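These notes are about the structure you will find just below.
Quick note: the coordinates plus some simple rules give every number you see, no bench work behind them. Every value quoted in this text rests on a predicted model; they were computed, and no experiment measured them. Virtual Cβ from ideal backbone geometry, glycine too; neighbours counted across all protein chains shown.
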Ligand code: NDP
């Protein structure tokens, strides 16, 4: 019987919800490109409920306990003597979401003698030391595509919010004011701007598709080029590298995984080659950009705005400079954890567990590391230290 250790974010401050803003979710059973949404044998939750917090338990308790497995759920993941560290010692499976990552460092993996499977209930497994997972034969799987469109919507929302100066204008209303000039002195139209994405995978391509109707110029860079038909349909300009692309762009959005090739990509040097007053939107991973370089660029005016929802570490400390830097549209890490996305990644987590517990292969597209090597989706989009 397996011990499953699940690290989830805390319940709402006023308690686990007893009612919801809406009664149902649209049914999405296929993603763009044809991949099916998760197909577990069953789920024990109602889609649209809060599943990602401690009391939501990703809807897993009934299924696991009925089969004789143990489920431990905690939000206490960091610091000496955390519940996570205590329970990890004999856990077979660890589950966490990138929004509240259980950092599976090399030391933790070495201390977890029974660990065989690390599931990311979401996308992005950089909170797991992949080199160590490979060395210890730990399988790493994530629910590929589950929240890619959720994030793409957030990128479009924050791009418009920055360019149109939405958040400061909303603040004027909350503060009882009406000074139009205060609102519009930094407000532009997106129309006609040049927008580029670093990576055109599931999220990056979805962002390009959603922005095309705004009559902007669209650019991308990626390790693999998109099919010519897609480039022509969307009028895309391909650039060999981020360095080649960013000087042409008014808005740059980052949609690549965090791995050795992308870590620290946006530092003073690259940001210095962007157009003065460009906007940078990063919902991928915080460590792809240099924290202090972003702060400096916003204060100098090199960047007109920065938005996203990814921080390091998570949760971000109260004195993190991105909370107080000017012209930002940051949120906590929420873009991929809408109630809509939660229903999909909870079902995907259940699907992965059903397969793994029954000794059946996990879907290739969910695998990041398996059998001591990068595998499946991980072999395509990630790299490890050489
Ligand atoms: P995909 O795997 O579909 O896309 C990732 C893309 O990044 C691939 O096209 C890959 O290229 C490309 N890529 C990898 N390395 C580089 C590089 N060095 N330069 C340029 N492109 C590169 O993943 P998703 O689009 O679904 O997600 C992307 C990332 O977004 C995730 O890894 C995660 O970190 C983040 N994310 C954030 C969420 C949030 O809530 N904020 C939620 C979900 C994801 P190729 O495969 O062609 O080599």
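Which FRET efficiency, nearest 0.05, do residue 76 and residue 172 yield, Cβ-Cβ r, R0 30 Å? Here the calculated transfer efficiency is 0.15. From least to most packed, judged by other beta carbons within 10 angstrom and beginning with the fewest, 144, 36 follow the order 36, 144.
Each peptide among 80-89, 223-232, 337-346, 132-141 gets the average number of other Cβ atoms lying within 10 Å of its residues, and from highest to lowest they stand as 337-346, 132-141, 80-89, 223-232.
Of the beta bridges in region 1-139, as assigned by DSSP with both residues counted there, near 5 percent are antiparallel. Take each peptide in 193-201, 276-284, 312-320, count the other Cβ atoms within 10 Å of every residue, and average; sorted highest first, the result is 193-201, 276-284, 312-320.
Entry note, the chain: the mean residue ellipticity at 222 nm calculated from DSSP H runs of n ≥ 4, each adding -39500 (n - 2.57), is -8000 deg cm²/dmol after division by the residues and rounding to the nearest 500. Quick check for you: which residues of region 85-123 have the amide N under 18 Å from the point 7 Å beyond the Cα of residue 61 toward its beta carbon? 95-96, by backbone N distance to the label point. Modelled this way, with points 7 Å down the Cα-to-C-beta line, the labels at residue 296 and residue 364 are 4.6 nm from one another. Of all DSSP beta bridges confined to region 217-348, the antiparallel ones make up roughly 0%. Each of 274, 330 was scored by other Cβ atoms within 10 Å of its Cβ. Arranged with the fewest first, they read 330, 274. By the beta-carbon count within 10 Å of each Cβ, the least crowded to most crowded order of 380, 328, fewest first, is 380, 328. Here the chain carries DSSP beta bridges of which approximately 10% are antiparallel, counting only pairs with both residues inside. If one computes the Cα centroid of region 234-252 and of region 1-42, what distance in Å separates the two points? With region 234-252 and region 1-42 each reduced to a Cα centre, they are spaced 35 Å.
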